[in-house]
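Colleague: One structure, pasted below without further comment.
The values are calculated or read from the model by the stated rules, or taken from the named source; none is laboratory data. For clarity, every value in this text was computed on a predicted model and none was experimentally measured. Every residue, glycine as well, gets a Cβ built from its backbone with ideal geometry; the counts of neighbours run over all protein chains shown. Surface areas here come from the heavy atoms of the whole protein model, side chains and all, with no ligands, DNA or RNA. Shrake-Rupley method; radii C 1.70, N 1.55, O 1.52, S 1.80 Å.
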Amino acid sequence: MASISSSVATVSRTAPAQANMVAPFTGLKSNAAFPTTKKANDFSTLPSNGGRVQCMKVWPPLGLKKYETLSYLPPLTEAQLAKEVDYLLRKKWVPCLEFELEHGFVYRENARSPGYYDGRYWTMWKLPMFGCTDSAQVMKELAECKKEYPQAWVRIIGFDNVRQVQCIMFIASRPDGY
C-alpha cells in the first residue's frame with residue numbers, strides 16, 4: 001500500500017485588521033430598546049389629497065360599471081374622441097371599432113372557474129382601419145356603427161401591428177341609461 005501523507009493547508013492573514021472588520025455575533029438584543037407603549041389613534045399621518053378631506057371614495061361599487069380606459073371620466077364629446085383617436089394615430093397604432101349589444105362589460109355566465117369571464121371579446125365593426133391617417137375617418141365609422149346599433153356599447157381600440165398587441169381601448173358610445 002502506498003503511504004498517505006497528510007498535508008495541512010495553512011492560511012496566512014497578511015492584514016490583521018481584516019479579521020476585525022465584522023463584529024462577532026453576540027446574541028439577540030433585549031426588548032428594552034423597543035417601545036412598549038401604544039400610540040394613540042393619530043390620524044394626521046394618514047394619506048391626504050392636500051385638502052380638508054382625509055379619505056375619499058373614488059367610485060361607488062353599485063349601480064355604475066367601470067368599463068375600459070377613461071371610464072372614470074364623463075362621456076367624451078365628439079371633439080374629445082377625435083383627439084384620442086389622433087393620439088393613437090400619432091403612435092402609429094391601427095384604429096378598430098368593436099361593439100357589444102348585450103352587456104358591455106365582463107360577466108360570468110358560462111363558467112365559474114377562476115380567471116374565466118364572458119364578455120371579453122366584442123364583435124368587430126368592419127375590419128381594422130389599416131392605413132388610416134385621419135381621425136375623421138374613424139369618427140365616420142363610429143357614426144355608422146351607432147346608426148346601425150343605437151343601443152350598443154362601442155369601443156375604439158388602438159392596435160400596434162408591429163408588436164401585435166392592443167395598446168389602448170376606450171368606450172366611445174354607451175346605450176341610453178348607462
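Colleague: Hey, can you tell me all the residues within the stretch 138-178 that are of a type in the set (A, V, I, L, M) and more than 22 Å from the chain's Cα centre (by Cα)?
Modeller: 138, 139, 142, 143, 152
Colleague: Limited to the stretch 78-109, what total is found for residues that are modelled with pLDDT of 90 or more and open to solvent by less than 90 Å² (accessible area, probe 1.4 Å)?
Modeller: Result for the stretch 78-109: 17.
Colleague: Among the residues of the stretch 130-160, write down those that are among the acidic types (Asp, Glu) and in contact (Cβ under 8 Å) with a residue 24 or more places away in the chain.
Modeller: 134, 141, 160
Colleague: Suppose we keep only residues that are closer than 25 Å to residue 130 by Cα and surrounded by 11 or more Cβ atoms within 10 Å (Cβ to Cβ) within the stretch 65-77. Which one would you say is modelled with the lowest pLDDT?
Modeller: The qualifying residue modelled with the lowest pLDDT is 68.
Colleague: Go through the stretch 123-178 and report how many residues are more than 20 Å from residue 79 (Cα to Cα), open to solvent by less than 30 Å² (accessible area, probe 1.4 Å) and part of a strand (DSSP E or B).
Modeller: 1
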